[in-house]
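For reference, the structure is listed below as structure tokens.
The values are calculated or read from the model by the stated rules, or taken from the named source; none is laboratory data. Bear in mind that the values here come from a model prediction, so they are computed numbers and not experimental data. In this analysis, Cβ positions are derived from the backbone assuming ideal geometry, glycine residues included, and neighbour counts consider all displayed protein chains.
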Amino acid sequence: MVAPRAPCGARSRPTSPACPVRVPTSVETTATGAAILAAVGAGVHAGVAEAVAAFVDYQPEEHVPDPERHAAYTSAYHRYREVYYALKPVFEKVET
């Protein structure tokens, strides 16, 4: 799920996961998530999937990932992880 206020983000985010992204109609996604979990915890719904089906409506458009962009983001993410772990000892020294 992607927050509905960010159409630019909704277009770019499907490149990261390798699955389609649906945008909810409500802008109150955090409150909706809390309500979903509360409904499951209170026994109103048997599980999260059932509660989501009851609480969430989606915009009709589904954002489908671009395989080429996904590959580019995946490659960049792997480089980021390599740099992060290479610099982690430096970060730990700064914290102490």
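Which one of these does Val52 not meet: (1) surrounded by 14 or more Cβ atoms within 10 Å (Cβ to Cβ); (2) farther than 18 Å from Val23 by Cβ? Of the numbered conditions (1) surrounded by 14 or more Cβ atoms within 10 Å (Cβ to Cβ); (2) farther than 18 Å from Val23 by Cβ, the odd one out for Val52 is (2).
If we scan segment 75-96, do we find a residue that is among the small types (Gly, Ala, Ser) and either touching a residue at least 24 places away in the same chain (Cβ under 8 Å) or under 30 Å from Leu37 (Cβ atoms) (or both)? Among the residues of segment 75-96, not one is among the small types (Gly, Ala, Ser) and either touching a residue at least 24 places away in the same chain (Cβ under 8 Å) or under 30 Å from Leu37 (Cβ atoms) (or both), which makes the answer no. Going through (1) surrounded by 11 or more Cβ atoms within 10 Å (Cβ to Cβ); (2) in contact with a Pro (Cβ under 8 Å, 6 or more places away or on another chain) one by one, Thr25 falls short only on (1).
In this structure, does Val64 turn out to be among the hydrophobic types (A, V, I, L, M, F, W, C), under 30 Å from Ala34 (Cβ atoms) and either surrounded by 13 or more Cβ atoms within 10 Å (Cβ to Cβ) or touching a Ser or Thr at 6+ places or on another chain (Cβ under 7 Å) (or both)? So Val64 fails the test. Beta carbons closer than 8 Å, at least 6 apart along the sequence or on distinct chains, pair a first residue in segment 29-42 that is within 15 Å of Tyr58 (Cα to Cα) and of a type outside the set (D, E, K, R) with a second that is part of a helix (DSSP H, G or I) and modelled with pLDDT of 95 or more for Thr32/Phe55. For segment 29-80, which positions are of a type in the set (A, V, I, L, M) and in contact with a Pro (Cβ under 6 Å, 6 or more places away or on another chain)? Val56, Val64 - these are the residues of segment 29-80 that are of a type in the set (A, V, I, L, M) and in contact with a Pro (Cβ under 6 Å, 6 or more places away or on another chain). Listed by position, the helices (runs of 4 or more DSSP H) inside segment 8-96 whose residues that are at pLDDT 95 or above and of a type in the set (Val, Ile, Thr) number at least 2 are 29-41, 48-55.
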